[in-house]
Amino acid sequence: MTALGKLLRTTAFRLTLVYLVLFALYAALLLFFFALNARRLITEQITTTVNAEVAGLSEQYERGGIGRLAAVVEIRSRRPGSSLYLVATPLGQGLAGNVASLEPGILGQSGWIETAYRRLDAPEGTEHHALVLVSELDGGFHLLVGRDIEERQRIYEIITTAGRWSMAAVLVLGLGGGFFVSRRILHRVDAITEKSGTIMAGNLSGRLPVAGTGDEIDRLALNVNAMLDRIEGLMRGFKEVSDNVAHDLKTPLTRLRNRCEAALRNAKSDADYRAALDSTIEESEGLIRTFDALLMIARAESGEAGRGMDEVDAAEIARGVAELYEPVAEEKGLRLTAEAPGPALVRGHRELISQALANLVDNAIKYAVPAPSLVAADGPPSPDEPQPDITVTAGVTGDRVVLTVADRGPGIPEHQRGHAVERFVRLEQSRSQPGSGLGLSLASAVAHLHHGELRLEDNAPGLRAVIFLPRAGPQRSD
């Protein structure tokens, strides 16, 4: 298709043509109405003036007869202007006036008539048009009074000529504007199409051009670019996950294979085989937990788990998680407390929020350092201890529900906190602890699923992990 063909087929050019036709019709109707009313107004002025003159001349006839009427008409006929006068006998012979000839039969009619005529002072063969009023007087005499209507015709022609030129100008400017707008839009669409081709070819880093005008094409390009950013991030995450899965699962799978081979080579009794199977099952359960965490993260990040959310009490969830992990903390000599006195309603998934909070508590138990008094003490923790080792809190701040897990462990350096929430990331101080590096990733994904966020802050000492979630129910002013 040629460039002109593409231009003529654009929606912008077609819309321009539609608007141009509508505007042209409107302008034509407006000019026609104006010309018609101008013509009517001039006609009304002529009839009003002629009627007044006929009334005056009829009065003169009544006072002085035909002689006086002829004298008055003769005087008025000599005045310059477009007025026409004629007094004729019953047989049609002129007695006075400035009209030399009329169309046949005009004097035999009465009333308003539009006719061709020639003035007395006009050369032979000259023809004009006039609007005349023919009256029959007593005695059979005829009185004709009228006005030349060439002025009316000239005004009408001026208006129609101006209308034709205006229509021509509108058509030229409209078509020119349509070509300009269509070409400009077509240029932008072609640029977007070209860039889309490179993106479809596999270059996900490409983005649609934005002109910066803020029009609908710019808004569409911005939305598509935001979608491409999301797709590129998901593809990058998928690649990273694939690489991390291949790297991090290689070691446990290798251990499984080595243990099975060792059992085949070295096992000499049922007890040896049972021990090998027990260790294989334990390793397999760790792999299953890793895959379950990956699936849960994928569901949360894709938004699939966002369906069917209910109103739940985050404070109740915090108390339940703290109660569940309190025996685990005591086994390590840690004191875990929960501070969730009042309701903290959010709209979300109870299981996902519980899992996210459980991951944070599990990490805190792994890395928290017991207080010296608790390590040395026998039995339950001393009530004189000023601070617990791990604190789980839930509360409401403004329009947000805040879930916090604070520990007294080594913490995470500020420059590594953003990296710590990525999948399979295990910082140097966590290499000696069991785990897959997915706990913080899952907590972050669950927070984003609920339109919230996960923040890692300094607890001085230790780490404070905070989940912010939108509050459900009526808002209160603090």
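If R0 is 22 Å, the Cβ-Cβ spacing of Leu91 and Ala71 corresponds to a FRET efficiency of close to 0.55.
Taking amide H atoms as placed 1.01 Å from N in the peptide plane, the amide H of Ser101 lies under 5 Å from those of Arg118, each 5 or more residues away in sequence or on another chain. Solvent-accessible surface (1.4 Å probe) assigned to Arg471 amounts to roughly 50 Å². Does a label point 7 Å from the Cα of His187, set along Cα-to-beta-carbon, have any residues of region 200-222 with amide nitrogen under 20 Å, and which are they? From region 200-222, the list is 208-222.
Put simply, the amide H of Arg400, placed in the peptide plane, has neighbours under 5 Å in Arg471, leaving out anything fewer than 5 places away on its chain. Here region 204-224 is scanned for amide nitrogen atoms under 20 Å from the site 7 Å beyond the Cα of Leu15 along Cα-to-Cβ, giving 209-224.
With a simple spin-label model that places each label point 7 Å from the Cα along the Cα-to-Cβ direction, the separation between Thr213 and Asn266 comes to 7.6 nm.
The simple spin-label model puts a point 7 Å past each Cα toward its Cβ; for Glu453 and Ser196 those points are separated by 3.4 nm.
A cut-off under 14 angstrom between Cβ atoms defines the neighbours of Tyr325, and their net charge, with Lys, Arg +1 and Asp, Glu -1, is -3.
Note that region 456-465 has calculated 3J(HN,Hα) couplings of 10, 10, 7, 9, 6, x, x, 10, 10, 9 Hz, one per residue in order, obtained from phi through the Karplus relation 6.51 cos²θ - 1.76 cosθ + 1.60 (θ = phi - 60°); glycine and proline are x. Stretching the chain fully between His128 and Arg400 yields a gain of 88.8 nm (0.36 nm per residue, less the alpha carbon separation). For region 89-136, the spread of Cα coordinates along the three principal axes comes to 29, 22, 16 Å, biggest extent given first. Its residue count N sets the reference 2.2 N^0.38 Å, and the alpha-carbon radius of gyration of region 115-249 equals 2.70 times that reference. Mean projected area of the convex hull spanned by the Cα atoms of region 314-374, taken over all viewing directions: 4.3 nm². Protection proxy ranking for 145-152, 319-326, using the average of other Cβ atoms within 10 Å per residue and placing the highest first: 145-152, 319-326. Within the accessible area of region 8-121, the carbon and sulfur atoms contribute 62%, probe 1.4 Å, all protein chains present.
When peptides 53-62, 197-206 are sorted by average Cβ neighbour count within 10 Å, with the highest value leading, the order is 53-62, 197-206. Calculate, for region 124-199, the solvent-accessible area per residue in square angstrom, rolling a 1.4 angstrom probe over the heavy atoms of the protein chains. So region 124-199 comes to 58 Å² accessible per residue, rounded to a whole number. Annotation: aspartates and glutamates with alpha-carbon distance below 20 angstrom to Lys332 (same-chain offsets under eight excluded): Glu323, Asp362, Asp378, Asp384, Glu385, Asp389, Asp407.
Taking all protein chains together and rolling a 1.4 Å probe, Glu136 ends up with roughly 120 Å² accessible.
In plain terms, the chain from Thr337 to Leu220 could stretch by 37.0 nm, reckoned as 0.36 nm per residue minus the Cα-Cα distance.
The values are calculated or read from the model by the stated rules, or taken from the named source; none is laboratory data. All values derive from a computational prediction rather than experimental measurement. Note that each Cβ is placed from the backbone with ideal geometry, even for glycine, and that neighbours are counted across all protein chains shown. Protein only, heavy atoms only, side chains kept; ligands, DNA and RNA dropped before computing areas. Shrake-Rupley method; radii C 1.70, N 1.55, O 1.52, S 1.80 Å.
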